[in-house]
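Inspection log for the structure reproduced underneath, given as structure tokens.
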Amino acid sequence: MENRVDTDQKECSPSRQTTCKMKETKQNMPEESAQAQSTSFHPPRAKPKLVFHTQLAHGSFTGRIQGFTNVKELYTKIAEVFNISPTEILFCTLNTHKVDMQKLLGGQIGLEDFIFAHVRGETKEVEITKTEDALGLTITDNGAGYAFIKRIKEGSITDRLKTVNVGDNIESINDQTIVGCRHYEVAKMLRELPKNETFTLRLVQPKRAFDMIGQRGRPNKSPIEGKVSSGRETLRLRNKGLATVEEPPSEREEKASRKVDDLLESYMGIRDVELATTVVETAKEQRSPEEFGTALDNLLGEFAFPADFVLEVWGAIHQTGI
């Protein structure tokens, strides 16, 4: 039905008075104002949801996940797809099912990345005699309560054992559970173990593909595996606040983050790309080493970075030209 004002009608009835006034007002509006009013009631368009593909690293069907803002929520979404507990997931890699620490999922995911979840496999206990000050282990964590071995130094005490592997989750040290501890806390515990004494590590290795022979619902390689994401943007996961889609870091920023990650390993026995990225971002906003140290204390005080570490990091970052 066409709505219009009856020009022959001299007076509006009480029941139609408000309606008539609204219609007359609309007629008297400038064209731009009327157009603006008609469009102002349209609801804003919803942003498209980001959808990622995922598989279990030892073999599974391909699932789809979305709607997560941090690593814990990501693990929960993956667990729902495969009907497992989130605590079964040790860590995730991007674009490969292998235990490849260079492809470890950290705080950023390329919008075209394929996520492989590595779940708990066999448990083993290993006795180690600390004959040297350093064990040769570099520790990282999954952001959800599990610390694991990211690197084993060649020729070190641990390397000579051959029973401890990269990717092994450290579940306990001398029967003291460390589930829920951050990587720097675990590294500190290992450093402080007395020299020339024997201690026991309980380790959980990721489930291997051969554990599921006959149940592997895909060929030897996923179609995405081995490919490098062509998308430029990444999803940045945060412990606090919402995840955001961002441009990837510049070449200088990546170089600075690698330098900081190396210094984290040298000083603290840990590697953490996301932590290194946060340190670089913090340094960019400061004007002096003193301001940088204060900012790190405010933002990452739990790490208790020593003063010489802060100075060396400041110098390394600014040597890259940032």
### Message
Suppose the filter is assigned to a helix (DSSP H, G or I), under 18 Å from the mean Cα position of the chain (by Cα) and surrounded by fewer than 17 Cβ atoms within 10 Å (Cβ to Cβ); does residue 252 pass it?
### Response
no
### Task
Give the number of residues within the stretch 269-318 that are in a loop (DSSP other than H, G, I, E, B), crowded, with 18+ Cβ neighbours inside 10 Å and of a type outside the set (D, E, K, R).
2
#### Entry: Residue in the stretch 68-76 that is at pLDDT below 95, surrounded by fewer than 17 Cβ atoms within 10 Å (Cβ to Cβ), under 29 Å from residue 201 (Cβ atoms) and not hydroxyl-bearing (Ser, Thr, Tyr) present
yes
#### Entry: Search result, residues across the stretch 184-234 that are over 28 Å from residue 138 (Cα atoms), surrounded by 14 or more Cβ atoms within 10 Å (Cβ to Cβ) and at pLDDT 50 or above
233
### Query
Which residue out of 116, 82 is surrounded by 22 or more Cβ atoms within 10 Å (Cβ to Cβ) and not small (Gly, Ala, Ser)?
116
### Query
If we scan the stretch 110-125, do we find a residue that is over 22 Å from residue 88 (Cβ atoms), among the aliphatic types (A, V, I, L, M) and at pLDDT 95 or above?
no
### Query
Does residue 90 satisfy being crowded, with 22+ Cβ neighbours inside 10 Å and either of a type outside the set (A, V, I, L, M) or part of a strand (DSSP E or B) (or both)?
yes
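Among the residues of the stretch 123-182, write down those that are of a type in the set (S, T, N, Q) and more than 27 Å from residue 78 (Cβ to Cβ).
As a first pass, look at the stretch 123-182 and keep what is of a type in the set (S, T, N, Q): 123, 129, 131, 138, 140, 142, 156, 158, 163, 165, 169, 172, 174, 176-177.
The answer is 129, 131, 156, 158, 163, 174, 176.
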### Task
Could you check residue 179 against (1) exposed (fewer than 14 other Cβ atoms within 10 Å of the Cβ); (2) in contact (Cβ under 8 Å) with a residue 60 or more places away in the chain; (3) in contact with a helix residue (DSSP H, G or I) (Cβ under 9 Å, 6 or more places away or on another chain) and say which number it fails?
(2)
### Query
For the stretch 270-295, which residues satisfy the criterion of being touching a helix residue (DSSP H, G or I) at 6+ places or on another chain (Cβ under 6 Å) and farther than 21 Å from residue 248 by Cβ?
270, 286, 289, 292, 293, 295
### Summary
The residue from 130, 162, 150 that alone is farther than 22 Å from residue 59 by Cβ, touching a Pro at 6+ places or on another chain (Cβ under 9 Å) and charged (D, E, K, R) is 130
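Considering only residues that are aliphatic (A, V, I, L, M), crowded, with 17+ Cβ neighbours inside 10 Å and under 16 Å from the mean Cα position of the chain (by Cα), which ones fall in the stretch 47-67?
65
One line per residue, one yes/no per condition, for (1) hydrophobic (A, V, I, L, M, F, W, C); (2) out of contact with any Leu (no Cβ under 6 Å at 6 or more places or on another chain):
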{"site": "96", "(1), (2)": "no, yes"}
{"site": "115", "(1), (2)": "yes, yes"}
{"site": "123", "(1), (2)": "no, yes"}
{"site": "130", "(1), (2)": "no, no"}
{"site": "136", "(1), (2)": "no, yes"}
{"site": "167", "(1), (2)": "no, yes"}
{"site": "171", "(1), (2)": "no, yes"}
{"site": "174", "(1), (2)": "no, yes"}
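The values are calculated or read from the model by the stated rules, or taken from the named source; none is laboratory data. Being a predicted model, the structure only gives us computed values, none of them experimental. A quick note on method: Cβ atoms are made from the backbone with ideal geometry, for glycine too, and the neighbour counts reach across all protein chains shown.
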